[in-house]
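Q: Have a look at this one.
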Amino acid sequence: MDLAQVFAGVPRVGVVNGCAYYYPQSELELLGGDPALVPDDLLMTFLCEAPSHWPEEQYGLLWRGFAPRILGLLEASPEEFLLGGLDFARFSEWPGEEQAAVREALRTMVRRAVTGDKPG
């Protein structure tokens, strides 16, 4: 399943109404724009931040837009706790195709970890 294709239609948030004390305006704009343009370190900062520090009405869309990248980061660094905000992102309310894509990606990662198979 091509995660990028499944999540391609997720609407962009625009400028995130996040904490301007910790995040400069330029980073808030980046986060709400094209997910491919967000540097990994900023994405990791977003993921490690308490979900409640982000606007609830924007958080789910942000997480959905970043889902393919988040899952890629998780596979590359499974020791990182990157799924903590999934509940706050209202995963259970995502479109069925997106939920299925995330579940399948996670199953594949677990299967590879258990069997020792490495992705190509």
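The values are calculated or read from the model by the stated rules, or taken from the named source; none is laboratory data. Just so you know, these numbers come straight off a predicted model, no measurement behind them. Heads up, the Cβs are rebuilt from the backbone with ideal geometry, glycines too, and the neighbour counts pull from every protein chain shown. Please note that ligands, DNA and RNA were not included when accessible areas were found on the heavy atoms of the full protein model with its side chains. Shrake-Rupley method; radii C 1.70, N 1.55, O 1.52, S 1.80 Å.
Every residue, every condition in (1) of a type outside the set (Gly, Ala, Ser); (2) under 16 Å from the mean Cα position of the chain (by Cα), yes or no:
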{"position": "Val6", "(1), (2)": "yes, yes"}
{"position": "Val16", "(1), (2)": "yes, yes"}
{"position": "Leu42", "(1), (2)": "yes, yes"}
{"position": "Gly65", "(1), (2)": "no, yes"}
{"position": "Ile70", "(1), (2)": "yes, yes"}
{"position": "Leu74", "(1), (2)": "yes, yes"}
{"position": "Pro95", "(1), (2)": "yes, yes"}
{"position": "Asp117", "(1), (2)": "yes, no"}
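Q: Now a separate question. Considering only residues that are free of Cβ contacts under 8 Å to residues at least 24 places away in the same chain and hydrophobic (A, V, I, L, M, F, W, C), look in the stretch 101-120 and name the one that is farthest from Pro68 (Cα to Cα).
A: The qualifying residue farthest from Pro68 (Cα to Cα) is Val114.
Q: Something else about it: Among the residues of the stretch 6-21, what is the count of those that are in contact (Cβ under 8 Å) with a residue 24 or more places away in the chain and in a loop (DSSP other than H, G, I, E, B)?
A: The initial filter retains those residues of the stretch 6-21 that are in contact (Cβ under 8 Å) with a residue 24 or more places away in the chain, namely 6-7, 10-13, 16-19.
Add one more test, that the residue is in a loop (DSSP other than H, G, I, E, B), and what stays is 7, 10-13, 16-19.
Adding up the residues that qualify gives 9.
Q: Kindly evaluate Ala89 against the criterion of being under 20 Å from Val6 (Cβ atoms) and touching a residue at least 60 places away in the same chain (Cβ under 8 Å). Can you show your working first?
A: Values: under 20 Å from Val6 (Cβ atoms): yes; touching a residue at least 60 places away in the same chain (Cβ under 8 Å): no.
So Ala89 fails the test.
Q: Looking at Gly60 and the list (1) surrounded by fewer than 18 Cβ atoms within 10 Å (Cβ to Cβ); (2) in contact with a Lys or Arg (Cβ under 6 Å, 6 or more places away or on another chain), which single condition is not satisfied?
A: Evaluating Gly60 over (1) surrounded by fewer than 18 Cβ atoms within 10 Å (Cβ to Cβ); (2) in contact with a Lys or Arg (Cβ under 6 Å, 6 or more places away or on another chain) leaves (1) as the failure.
Q: Identify the residue in the stretch 50-79 that is among the acidic types (Asp, Glu) and touching a residue at least 24 places away in the same chain (Cβ under 8 Å) and, among all such residues, is farthest from Leu3 (Cα to Cα). Working first, answer last.
A: At the first step, the residues of the stretch 50-79 found to be among the acidic types (Asp, Glu) are 56-57, 75, 79.
Remaining after also requiring touching a residue at least 24 places away in the same chain (Cβ under 8 Å): 56, 75.
Values: Glu56: 24, Glu75: 13 Å.
Only one residue tops the list, namely Glu56.
Q: Leu83 fails exactly one of the following numbered conditions: (1) assigned to a helix (DSSP H, G or I); (2) open to solvent by less than 60 Å² (accessible area, probe 1.4 Å). What is the number of that condition?
A: Tallying (1) assigned to a helix (DSSP H, G or I); (2) open to solvent by less than 60 Å² (accessible area, probe 1.4 Å), Leu83 fails exactly one: (1).
Q: For the stretch 33-51, state whether one or more residues are of a type outside the set (A, V, I, L, M), under 21 Å from Ala8 (Cβ atoms) and touching a Pro at 6+ places or on another chain (Cβ under 7 Å). Break it down stepwise before answering.
A: Start the filter on the stretch 33-51 by keeping residues that are of a type outside the set (A, V, I, L, M), which leaves 33-35, 39-41, 45-46, 48-49, 51.
Now restrict to residues that are under 21 Å from Ala8 (Cβ atoms): 33-35, 39-40, 46.
From the residues that got through so far, the ones that are touching a Pro at 6+ places or on another chain (Cβ under 7 Å) too are none.
Checked the stretch 33-51: no residue is of a type outside the set (A, V, I, L, M), under 21 Å from Ala8 (Cβ atoms) and touching a Pro at 6+ places or on another chain (Cβ under 7 Å).
Q: Run down Glu80, Glu97 and say which single residue is of a type in the set (D, E, K, R) and closer than 22 Å to Ala50 by Cα. Outline the logic, then answer.
A: Values: Glu97 fails: closer than 22 Å to Ala50 by Cα.
The conditions single out Glu80.
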